[in-house]
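Values quoted throughout were computed directly from the atomic coordinates according to the rules given, and no laboratory measurement underlies them. Bear in mind that the values here come from a model prediction, so they are computed numbers and not experimental data. A quick note on method: Cβ atoms are made from the backbone with ideal geometry, for glycine too, and the neighbour counts reach across all protein chains shown.
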Amino acid sequence: MIRWGVLGAARIAGNFVVPAIQRSSNGRVISIASRDIERARVFARQHEIAHACSTYEEIIDNADVDAVYIPLPTASHFEWCKKALLAGKHVLCEKPIAMSASQVETLIALCDETGLICGEAFMVAHHPQWTYVRDCIANDAIGKLTLVEGSFTYFNDDPNALKNNLALGGGGVRDIGVYPIVTTRLATGLEPLRVTADVTIDPRYGTDKLAVCNLVFPGFVLHFYCGTQLARRQHMIFHGTQGWLSVEAPFNPGVYGAARVLHRSDTAGSIDVTDFGAVDQYQTMVEDFAAAVRGERPSIKFSLESSLANQRVVDQVLAHTDKV
């Protein structure tokens with residue numbers, strides 16, 4: 001069993017990732033840290049974790065901890081990834097793993113130097129619906145891919161929310177805009193040649209509340225929008241010359257809808273529906289990571305090099321932000 005420590009009692013940790021680790025076949029959380037020790041103790045009781053700590057240093061300095069999971073605010077990711085790696089810990093960090101591509105490059109160099117594993121927690125890379133979409137595109141099931149459309153939105157207007165705090169790395173592009181980008185890259189195996197975007201800033205918080213983006217890939221275009229003050233929606237459509245694929249809940253199946261892909265074929269003149277049931281993409285993610293740590297597979301499924309490619313696109317999108 002890989003022994004995990006968790007830096008921070010964030011909602012995503014409590015609702016998804018820590019329960020997934022506790023259910024997993026090859027890992028257990030043995031320690032949780034929060035700067036509010038009572039919050040750490042409550043979290044530990046809820047998730048049957050043996051130790052609650054008041055500092056993150058207690059986790060990364062603990063010889064009994066093999067790997068750490070970092071669900072801290074975005075602006076803290078790079079700092080604590082770096083500290084954990086230098087302390088000899090493997091690291092799984094929430095997305096985005098850094099604030100810039102140059103920070104990801106530093107983490108790659110640290111992994112090369114230490115021989116440790118560091119990965120970004122893109123759970124979508126571990127859901128079989130994306131393997132299905134990738135295979136359909138590769139096998140010309142929709143003809144030549146020409147256009148990809150996507151969205152990811154929710155409404156959060158809380159001035160106290162971390163997602164609306166610029167200093168902590170808040171904003172919609174970093175929080176949710178990463179998903180249409182990464183899933184298009186995963187489904188096609190291609191990288192964008194050109195990125196343009198229209199990014200709207202909320203003057204109250206300084207964070208981006210709406211981004212409308214166009215990414216030109218070899219042979220097709222990705223058009224998507226993400227927003228933090230819009231009614232909740234997720235969708236991804238891959239439109240080809242002879243059909244299309246519609247991923248109904250592409251990023252958070254079970255929360256935004258069922259894990260289901262619709263395949264329209266002009267040749268067959270019909271729509272086929274493929275349901276994927278209640279797959280726990282968080283559990284498959286942490287099991288993949290732990291297997292790599294245990295040496296049972298050569299690397300994690302979603303590499304830090306792929307994180308770097310994704311971050312480069314995010315940096316380009318945010319470069320189009322109107323600062324006025």
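Worth pointing out:
- Relative to the longest principal axis of the Cα atoms of the chain, the long axis of helix 281-293 makes an angle of roughly 60 degrees.
- Given R0 = 35 Å, the distance between the Cβ atoms of ASP198 and ALA138 translates into a calculated FRET efficiency of 0.65.
- Mean shadow area of segment 281-324 over all directions, Cα convex hull, nm²: 4.3
- Given their separation in residues at 0.36 nm each and the Cα-Cα distance between them, ASP112 and ARG11 gain 33.2 nm when the chain is fully extended.
- Loop-located GluC sites (Glu not before Pro) in segment 1-104 whose Cβ has at most 11 other Cβ within 10 Å (DSSP): GLU48
- Cα gyration tensor, segment 105-182 - rounded (a/c under 1.5), prolate or oblate: oblate
- Over the chain, relative contact order from alpha-carbon pairs under 8 Å, at least 6 apart, %: 19
- When the pairs LYS163/LYS209; LYS83/LYS209; LYS95/LYS163 are compared against a 20 Å limit on Cα-Cα distance, LYS83/LYS209 fall above it.
- Calculated on the Cα set of segment 17-58, radius of gyration then Dmax: 10.2, 30 Å.
- Only Lys, Arg (+1) and Asp, Glu (-1) charged, at Cβ; the chain dipole about Cα centre in debye: 320
- Mean ellipticity per residue at 222 nm, deg cm²/dmol - from DSSP H runs of n ≥ 4 across the chain, formula -39500 (n - 2.57): -9000 deg cm²/dmol
- Surface/4 of the Cα convex hull for segment 1-131, nm²: 8.0
- log₁₀ of I(q)/I(0) at q = 0.13, 0.16, 0.28 Å⁻¹ - segment 177-236, Debye sum with one point per alpha carbon: -0.37, -0.55, -1.20
- Sites ALA63 and VAL279 - FRET efficiency at Förster radius 30 Å, r taken between beta-carbons, to 0.05: 0.30
- Derived value for the chain: Kirkwood hydrodynamic radius 20.3 Å. Basis is the mean of 1/r over every pair of different alpha-carbon atoms.
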